[in-house]
Amino acid sequence: MTELERDLVAGVTTTHPVSRRVLIVTTPSDVHSWNLVFLSLVVRDAGMSCRIVGPASQLDEIVVGAEEFAPDVVLVSTINGHGEFEAADVLNALREVCDPHVPVLIGGILGVSHELRSSRRSALLSMGYTEVFEGADLTVGKVRSELERAGLAHLASAGGGR
């Protein structure tokens with residue numbers, strides 16, 4: 001693992017001279033880290049600042065990360081197949097401290113049944129997630145586009161940024 005990758009997984013904040021800030025978290029049971037490093041590179045490549053809470057992001061750590069970083073967008077990544085079971089707790093923790101207009105996107109391997117993908121997506125959107133990425137929806141271009149759209153929409157609703 002390179003020094004940059006270690007820093008990213010350890011929660012080091014990367015900054016860019018723009019207002020859009022992306023908080024990247026996982027679900028509490030997901031110990032994977034390469035997805036976080038990859039997403040941080042996508043975020044940085046889009047010219048946004050990011051902070052990674054870390055693998056197996058515990059709810060209290062997510063709350064502290066959101067309070068300290070005041071994100072414009074939150075990205076929840078999970079690849080262990082338990083996302084659908086832990087998504088509500090993560091979203092509720094974020095909503096305790098984030099502006100209600102902050103977009104929260106979730107993606108990865110959200111469940112173990114491919115047959116339930118459509119109903120899982122509907123349930124997560126109904127729960128309050130802004131966008132859900134799984135299967136064919138999980139492409140770098142789509143994630144980057146949605147990050148940019150969501151970040152700009154939040155800045156407009158917040159009066160233009162920081």
Any residue at all in the range 107-115 that is modelled with pLDDT under 90 and charged (D, E, K, R)? yes
Inside the range 7-30, can you point out the residues that are farther than 20 Å from A88 by Cβ and modelled with pLDDT of 90 or more? R21, V22
Hits in the range 20-38 - residues which are out of contact with any Asp or Glu (no Cβ under 6 Å at 6 or more places or on another chain) and surrounded by 24 or more Cβ atoms within 10 Å (Cβ to Cβ): V22, L23, I24, V25, T26, D30, L36
Which number in (1) over 20 Å from D30 (Cα atoms); (2) touching a Phe, Trp or Tyr at 6+ places or on another chain (Cβ under 6 Å) marks the one condition that G141 misses? (2)
Residue selected from the range 122-162 under the condition hydrophobic (A, V, I, L, M, F, W, C) and farther than 21 Å from T78 by Cβ, by the criterion modelled with the lowest pLDDT: L155
Against the definition (acidic (D, E) and either at pLDDT below 95 or crowded, with 22+ Cβ neighbours inside 10 Å (or both)), how does D89 come out, yes or no? no
Pairs needed: first member in the range 94-110, within 20 Å of R120 (Cβ to Cβ); second member anywhere, of a type in the set (D, E) and in a loop (DSSP other than H, G, I, E, B); C-beta distance under 6 Å; at least 6 residues apart or different chains. L110/E134
Residue ID - nearest to the chain's Cα centre (by Cα), chosen from residues in the range 63-92 that are β-branched (V, I, T) and within 8 Å of L23 (Cβ to Cβ): V74
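The values are calculated or read from the model by the stated rules, or taken from the named source; none is laboratory data. Computed from a predicted model, the values in this text were never measured in an experiment. We place every Cβ from the backbone using ideal geometry, glycine too, and count neighbours over all the protein chains shown.
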